[in-house]
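Structure first, commentary second.
The values are calculated or read from the model by the stated rules, or taken from the named source; none is laboratory data. Given the structure is predicted, the values throughout are model-derived calculations rather than measurements. For neighbour counting, all protein chains shown are included, and Cβ atoms are generated from backbone atoms with ideal geometry for every residue, glycine included. Please note that ligands, DNA and RNA were not included when accessible areas were found on the heavy atoms of the full protein model with its side chains. Shrake-Rupley method; radii C 1.70, N 1.55, O 1.52, S 1.80 Å.
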Amino acid sequence: MPVEMGLWRIDGDRPRRLPAATLPSEATLEDFLEQDPSLLGTPLLVIGRQVRTPYGKFIDLLAIDVDGNLHVLELKRDRSPRDVVAQVLDYGSWVTTLTREEVIDLANDHLEAPFEAAFADTFGDSLPDEVNVELQLTVVATELDSSSERIVNYLRDFGVPINAVFFSYLQDEDRHYLARSWLVSREEGPSLAVGSGRKSKRADWNGLDWFVAFGEESGSRNWEDARHYGFISAGGGVWYSRTLRALPLGARVNVHIPESGYVGIGTVIGEAERSDRAKTTIEGEQVLLSDLQLAGRYSHGPGTEQEDDMAEWVVPVRWQTAVPREQAYWTKGMFANQNSACKLRQEFTLERLAEHFGVEDA
């Protein structure tokens with residue numbers, strides 16, 4: 001039977017049912033979900049709205065969860081149950097083919113901040129090595145009819161990862177409320193997975209290895225400086241310096257230059273300092289980096305050195321191996337990330353680096 005949502009206000013000893021109101025449009029509900037996808041009861045990051053598919057159709061909302069699983073959210077609007085379910089299944093058939101790189105590109109086109117920085121800010125963790133292993137299809141409606149219910153339940157019986165959620169818009173004098181109800185509780189029944197069926201895409205971390213991105217764009221920093229004087233750096237905004245500044249003493253950093261490959265492996269030997277205060281050791285003496293003739297600027301505009309969030313930050317490193325950019329190592333399938341620093345969990349990358357650079361594989 002169709003799902004119905006009711007809400008009552010208790011006035012004294014007497015309950016009074018709140019009257020249902022009408023959303024200005026289902027586009028308003030789409031706005032609500034994009035602004036706060038937690039309305040669905042699961043922490044999500046919306047990475048696309050009106051996402052164009054290769055078939056000329058548009059997915060209302062595409063989101064990702066903390067495990068890197070994609071969620072297709074399609075509003076029922078005024079379509080028939082058969083039409084909206086067929087549409088969401090069609091979208092799902094395409095979304096399951098998206099690679100990690102394609103998901104990142106799609107998200108970067110939609111988000112104001114870099115995707116992996118937005119992911120870390122939303123979930124407090126880095127993007128898993130593997131994404132889009134599982135998929136969830138969700139029909140979103142302001143009301144649910146018996147035909148939609150029958151179709152969704154029938155598909156679920158065959159293992160299709162589909163559900164339906166409907167929102168009631170209720171009014172209490174000058175106040176408005178949004179109430180949510182799922183057709184099938186997500187705690188009910190077996191896990192419905194598309195793909196390998198693996199429950200976790202996040203490998204155990206060895207407690208030692210970190211990935212570090214060393215960008216050389218616009219002359220802000222130079223790898224030969226870092227290789228010669230023993231440091232890594234990042235900055236120009238809190239998004240870029242925050243993770244680098246969190247590197248612990250003793251961390252093993254695997255340094256990657258975007259669009260080139262891995263160029264160095266070393267151990268963090270000191271805490272992060274702003275570039276105007278950072279020092280290096282030359283012939284047994286501590287020398288300010290800012291007193292040296294460096295190829296990179298390590299600055300992001302006049303006055304930014306005094307602003308912690310905008311400054312360039314430097315972390316001292318003892319290199320186990322460090323090669324010129326021209327000798328950077330890369331092979332297909334290795335891990336790369338847009339964050340300045342994150343835990344390196346991917347065994348494939350660690351094994352390739354250990355073999356190539358001749359360092360111990362932790």
Qualifying residues in the stretch 243-272 (those that are open to solvent by less than 80 Å² (accessible area, probe 1.4 Å), at pLDDT 95 or above and more than 27 Å from GLU326 (Cβ to Cβ)) - the one nearest to the chain's Cα centre (by Cα): PRO248
Selection from the stretch 147-177 of residues that are under 22 Å from GLN136 (Cβ atoms) and hydrophobic (A, V, I, L, M, F, W, C): ILE151, VAL152, LEU155, PHE158, VAL160, ILE162, ALA164, VAL165, PHE166, PHE167
Cβ pairs under 7 Å, 6+ apart, first in the stretch 28-44 and closer than 16 Å to GLU112 by Cα, second of a type in the set (Lys, Arg): GLU34/ARG49
Condition met for THR331 (of a type outside the set (D, E, K, R), at pLDDT 85 or above and open to solvent by 30 Å² or more (accessible area, probe 1.4 Å)): yes
The stretch 105-134, subset within 19 Å of GLN50 (Cβ to Cβ) and outside any loop (DSSP other than H, G, I, E, B), residue most open to solvent (accessible area, probe 1.4 Å): ASP109
ASP65 vs. criteria farther than 18 Å from ILE104 by Cβ and acidic (Asp, Glu): no
Residue within the stretch 139-149 that is within 27 Å of the chain's Cα centre (by Cα), modelled with pLDDT of 75 or more and small (Gly, Ala, Ser) present: yes
Single residue of the stretch 157-184 satisfying the filter (open to solvent by 40 Å² or more (accessible area, probe 1.4 Å) and part of a loop (DSSP other than H, G, I, E, B)) that is nearest to LEU33 (Cα to Cα): ASP174
Test: residue in the stretch 276-286 that is assigned to a loop (DSSP other than H, G, I, E, B) and among the hydroxyl-bearing types (Ser, Thr, Tyr): no
Residue in the stretch 182-233 that is modelled with the highest pLDDT, counting only those that are out of contact with any Phe, Trp or Tyr (no Cβ under 7 Å at 6 or more places or on another chain) and among the β-branched types (Val, Ile, Thr): VAL212
Filter result for ASP36 (acidic (Asp, Glu) and at pLDDT 90 or above): no
Candidates GLN320, GLN293, GLN286 - the one that is open to solvent by 70 Å² or more (accessible area, probe 1.4 Å), within 26 Å of GLU347 (Cβ to Cβ) and polar (S, T, N, Q): GLN320
Boolean, ARG9 is more than 25 Å from ASP145 (Cα to Cα), surrounded by 12 or more Cβ atoms within 10 Å (Cβ to Cβ) and at pLDDT below 80: yes
Per-region count, the stretch 81-101, residues without any contact (Cβ under 8 Å) to a residue 24 or more places away in the chain and open to solvent by 60 Å² or more (accessible area, probe 1.4 Å): 4
Hits in the stretch 207-225 (condition: in a helix (DSSP H, G or I) and free of Cβ contacts under 8 Å to residues at least 60 places away in the same chain): GLU217, SER218
Qualifying residue in the stretch 42-58 (condition: charged (D, E, K, R), farther than 23 Å from GLN338 by Cβ and crowded, with 21+ Cβ neighbours inside 10 Å): no
Among (1) out of contact with any Phe, Trp or Tyr (no Cβ under 8 Å at 6 or more places or on another chain); (2) outside any helix (DSSP H, G or I); (3) within 21 Å of THR53 (Cβ to Cβ) - the single one TYR91 does not satisfy: (2)
Test: TYR154 is open to solvent by 20 Å² or more (accessible area, probe 1.4 Å), of a type in the set (Ser, Thr, Tyr) and either touching a helix residue (DSSP H, G or I) at 6+ places or on another chain (Cβ under 6 Å) or not in a helix (DSSP H, G or I) (or both): no
